[in-house]
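These notes concern the structure reproduced below.
The values are calculated or read from the model by the stated rules, or taken from the named source; none is laboratory data. None of these values were measured; they are calculated from a predicted model. Virtual Cβ from ideal backbone geometry, glycine too; neighbours counted across all protein chains shown. Calculation scope for accessible area: heavy atoms of the full protein, side chains included, ligands and nucleic acids excluded. Shrake-Rupley method; radii C 1.70, N 1.55, O 1.52, S 1.80 Å.
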Amino acid sequence: EAGVVQSPRYKIIEKKQPVAFWCNPISGHNTLYWYLQNLGQGPELLIRYENEEAVDDSQLPKDRFSAERLKGVDSTLKIQPAELGDSAVYLCASSPYGTSGMDEQYFGPGTRLTVT
Amino acid sequence: GESVGLHLPTLSVQEGDNSIINCAYSNSASDYFIWYKQESGKGPQFIIDIRSNMDKRQGQRVTVLLNKTVKHLSLQIAATQPGDSAVYFCAENIKNQGGKLIFGQGTELSVKP
């Protein structure tokens with residue numbers, strides 16, 4: 001079974017430029033998560049989707065970050081414009097159910113963003 | 001060897017020794033806990049989980065202990081191997097907040113051959 005796929009794996013951009021990350025979750029997984037991970041820290045949730053619906057985006061900085069999961073499968077996370085402090089690893093995860101909170105989340109390899 | 005979790009983020013052990021990684025969680029409403037292993041350049045990988053109605057769960061070479069009284073979680077790795085070298089995170093799920101996991105800071109485990 002293929003795992004969570006993310007692309008690109010690495011991205012270097014100048015500040016004020018836009019950037020987008022793509023995630024393909026495990027087939028059949030209804031719930032999709034985007035996390036931000038700073039160096040040496042644990043992942044922090046940005047947004048959670050149940051199918052097409054964003055059910056928790058309270059931690060997403062909406063002035064510059066946006067996300068979509070139009071058909072309830074793939075998802076895109078965008079930053080526009082990027083700031084130096086956005087340099088981090090952006091992780092995507094998926095889980096089969098998610099609503100109970102008691103099921104395993106499977107993580108992708110992440111996209112390492114460097115903003116110069 | 002033993003780690004105090006958030007206060008000692010690095011643990012170094014000899015190959016073959018047992019490792020104990022500790023984690024303190026904050027919310028008494030947390031009902032589900034997971035240990036993840038993260039190797040350099042990779043996403044977190046599930047190791048073992050435990051629900052709040054249990055105090056111990058065993059897997060292959062790993063055991064998780066949960067002490068709800070003091071809000072403490074530990075991961076024990078038996079016969080630690082070089083391939084166990086990674087950063088280990090505990091994560092808690094807070095009841096009634098869906099699938100939102102709160103991750104701890106992490107402990108880096110280094111295994112000396």
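Roughly how many Å is it from the Cα centre of the stretch A:34-86 to that of the stretch B:87-113, as a whole number? About 19 Å separates the Cα centre of the stretch A:34-86 from the one of the stretch B:87-113.
With all protein chains in place and a 1.4 Å probe, the accessible surface of chain A carries 49 percent carbon and sulfur. The residue list A:Ala2, A:Cys92, A:Ala82 was ranked by how far each Cα lies along the charge dipole of chain A toward its positive end, using unit charges on Cβ atoms, and A:Ala82 comes out on top. Panel note: contact residues of the stretch B:40-55 (accessible area lowered by at least 30 Å² against the chain on its own; 1.4 Å probe) correspond to B:Gly41, B:Gly43, B:Pro44, B:Phe46, B:Arg51. Remark: the stretch B:19-28, residue by residue, has Karplus-estimated 3J(HN,Hα) of 10, 10, 10, 10, 8, 9, 9, 10, 10, 5 Hz, where x stands for each Gly or Pro and the curve is 6.51 cos²θ - 1.76 cosθ + 1.60 at θ = phi - 60°. Taking Cα centre as origin and charging only the Cβ of basic (Lys, Arg, +1) and acidic (Asp, Glu, -1) residues, the dipole magnitude of chain B rounds to 340 debye. Among B:Leu75, B:Ser85, B:Met54, which residue has its Cα positioned farthest towards the positive end of the charge dipole of chain B, with +1 placed on the Cβ of Lys and Arg, -1 on the Cβ of Asp and Glu, and the dipole taken about the Cα centre? Highest projection toward the positive end goes to B:Met54. Here B:Lys56 is the anchor, and the lysines within straight C-alpha reach of less than 17 Å, apart from those fewer than 8 places off in the same chain, are B:Lys68, B:Lys71. Magnitude of the charge dipole for the stretch B:8-59, about its Cα centre and with charges confined to Cβ atoms of Lys, Arg (+1) and Asp, Glu (-1), is about 140 debye. Per residue of A:36-42, other chain Cβ atoms within 10 Å of the residue Cβ number 4 on average.
Entry comment: accessible area of the stretch B:26-110 is 46 Å² per residue, from protein heavy atoms only and a probe of 1.4 Å. Surface exposure of chain A, expressed per residue as accessible area with a 1.4 Å probe, stands at 49 Å².
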